[in-house]
């Protein structure tokens with residue numbers, strides 16, 4: 001719902017409208033990851049415990065920091081074992 005300057009509105013209504021507009025502009029990928037990253041177990045890198053992971057291992061379904069994703073998984077495991085994608089930079093296909 002959009003509010004115009006000519007319509008009186010409560011501050012909370014304007015805030016709610018702004019939040020709903022921002023939520024509607026998020027892509028499906030952003031919505032999915034923002035929901036998943038709210039769970040406490042997903043807020044940290046699975047391997048080292050660093051906060052705010054930036055990558056995922058598709059095969060394992062785990063979140064990883066950039067150091068573990070690129071330095072450990074990409075360097076030492078083939079994609080058949082651990083397929084790594086960046087949360088922000090890569091696109092995901094949903095079936």
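Every read-out reported here was derived from the displayed coordinates using simple, explicitly stated rules and does not represent laboratory data. What you see is a predicted model; the values in this text were computed from it and never measured. Here the Cβ is made from the backbone with ideal geometry for all residues, glycine too, and neighbour counts use every protein chain on show.
According to the square roots a ≥ b ≥ c of the eigenvalues of the Cα gyration tensor, what is the shape class of the stretch 40-95, taking rounded for a/c under 1.5, prolate for a/b larger than b/c otherwise, and oblate for the remainder?
Oblate shape, in that a/c is at least 1.5 and b/c is the bigger or equal ratio.
Sorted by packing (mean other beta-carbon atoms within 10 Å per residue), highest first, where do 69-75, 35-41 land?
With the highest mean Cβ count within 10 Å placed first, the list reads 69-75, 35-41.
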